[in-house]
Amino acid sequence: MSKPIKPLLAAGLLGLAASASADVVLTTSSWLPPSHLLSKAQASWCDEVAKATSNRVRCNILPKAVAPPPATFDAVRDGLADLSYSVHGYTPGRYTLTKIAEFPFLGDDAISTSVAYQRIHDKYLAKFDEHRGLHVIAVFTHGPGNIFNNKRPVKTLADLDGIKFRVGGGVVNDVGKALGANMTLKPAPQSYELMSSGVVDGVWFPHESVESFKLEKLVKYATTVPGGLYNTSFAFVMNPATWNKIPKADQAIIQKFSGEWAARHFGKHWDAADVRSKAIQQAAGIETTPADAKFVADFKAKTGSIETEWLKEAEAKGLKNAGTVLKEFRTEIGKL
């Protein structure tokens, strides 16, 4: 019986070797068009990983999204896609600790807030496993949020009255409620349709989005605030079963392009898009109003309770030192 066993054993060993070195192709989904900075940032991340792994791990970027934005995390968890990103605030009530990255007045660029957020996530938040069923490659934010509309310059909080705004969910929705603003919760790609049809009169967005969603012909007025009126928390995630299929040596390589590297990567793309969009807004004649000290003071007075409520929610989740963590987050942004 030894004769047939040897060929079988050899075949089995060859099969194991082939399995261990098999290429892994990541089915990659984006709910934004290929021209959007997030699609580009995701694609260039894929390029870096493919290059570093000698193409053993590479992406197959789908021509259309496997799911709408609010369902993206579940789609990756369930294996409809191996790799994608989405916004925590698109699923209200599901993510609590990620709100730490969404408060007003955090910072003036996406790189600083994204890298600081990643550090705080790794140190304090990851252990609470809010991303159950997902392998988190990185968390990150967009640039500071502003007010855009086609009705009037917003120089005081009273100027918000009678203007209908689209927002993306999360803390920005809480901010709108605190101000008594008329807010509609919708994913970002619907913004052009919402404004052009008159369903809303404006949007709360980072500068980038005016360019990305071609809003420069619809927006007439912008109000900017130092540190931003709000921010948005994102996660870049992979299906865990797919992650486990990747050989350990290639996992180690991908880890080099995860965490702070990936957070900075997405932040860099966002900051560059913000700069481009500001130039487009200027060329389009959009009237920009920097918020004055009274606007900021009135805004803080109306929205101060949002952080207080989050501290209670975070501590109820088990983050007992939530106030200290938030302070450390702001300190990290300042350092960066």
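The values are calculated or read from the model by the stated rules, or taken from the named source; none is laboratory data. Note that the structure is a prediction, hence the values are computed from the model and not measured. Cβ placement follows ideal geometry from the backbone for every residue including glycine, while neighbour counts extend to all protein chains displayed.
Do we find that Ala235 is in a strand (DSSP E or B), among the small types (Gly, Ala, Ser) and either in contact with a Ser or Thr (Cβ under 8 Å, 6 or more places away or on another chain) or closer than 19 Å to Asp129 by Cβ (or both) in this structure? Steps first, answer last, please.
On the way: in a strand (DSSP E or B): yes; among the small types (Gly, Ala, Ser): yes; either in contact with a Ser or Thr (Cβ under 8 Å, 6 or more places away or on another chain) or closer than 19 Å to Asp129 by Cβ (or both): yes.
Considered against the rule, which asks whether it is in a strand (DSSP E or B), among the small types (Gly, Ala, Ser) and either in contact with a Ser or Thr (Cβ under 8 Å, 6 or more places away or on another chain) or closer than 19 Å to Asp129 by Cβ (or both), Ala235 comes out as yes.
Any chance segment 124-142 includes a residue that's among the β-branched types (Val, Ile, Thr), at pLDDT 95 or above and in a helix (DSSP H, G or I)?
Scanning segment 124-142, I find no residue that is among the β-branched types (Val, Ile, Thr), at pLDDT 95 or above and in a helix (DSSP H, G or I), so the answer is no.
Residues that are of a type in the set (Asp, Glu), surrounded by fewer than 19 Cβ atoms within 10 Å (Cβ to Cβ) and touching a residue at least 12 places away in the same chain (Cβ under 8 Å): does segment 196-210 have at least one? Before the answer, list the steps.
Of the residues in segment 196-210, the ones of a type in the set (Asp, Glu) are 201, 208.
Imposing the further condition that a residue be surrounded by fewer than 19 Cβ atoms within 10 Å (Cβ to Cβ) reduces the set to none.
Within segment 196-210, not a single residue is of a type in the set (Asp, Glu), surrounded by fewer than 19 Cβ atoms within 10 Å (Cβ to Cβ) and touching a residue at least 12 places away in the same chain (Cβ under 8 Å).
Any residue at all in segment 281-298 that's assigned to a loop (DSSP other than H, G, I, E, B), in contact (Cβ under 8 Å) with a residue 24 or more places away in the chain and among the charged types (D, E, K, R)?
yes
How about segment 80-111: which of its residues are surrounded by fewer than 21 Cβ atoms within 10 Å (Cβ to Cβ) and of a type outside the set (Phe, Trp, Tyr)?
Leu80, Thr91, Pro92, Gly93, Arg94, Thr96, Asp108, Asp109
For segment 43-61, which positions are out of contact with any helix residue (DSSP H, G or I) (no Cβ under 9 Å at 6 or more places or on another chain) and surrounded by 14 or more Cβ atoms within 10 Å (Cβ to Cβ)?
Ala43, Cys46, Ala50 - these are the residues of segment 43-61 that are out of contact with any helix residue (DSSP H, G or I) (no Cβ under 9 Å at 6 or more places or on another chain) and surrounded by 14 or more Cβ atoms within 10 Å (Cβ to Cβ).
One line per residue, one yes/no per condition, for (1) within 30 Å of Asp122 (Cα to Cα); (2) of a type in the set (Phe, Trp, Tyr); (3) crowded, with 18+ Cβ neighbours inside 10 Å:
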position	(1), (2), (3)
Leu218	no, no, yes
Ser233	yes, no, yes
Lys256	yes, no, no
Trp270	yes, yes, yes
Gly285	no, no, no
Pro290	no, no, no
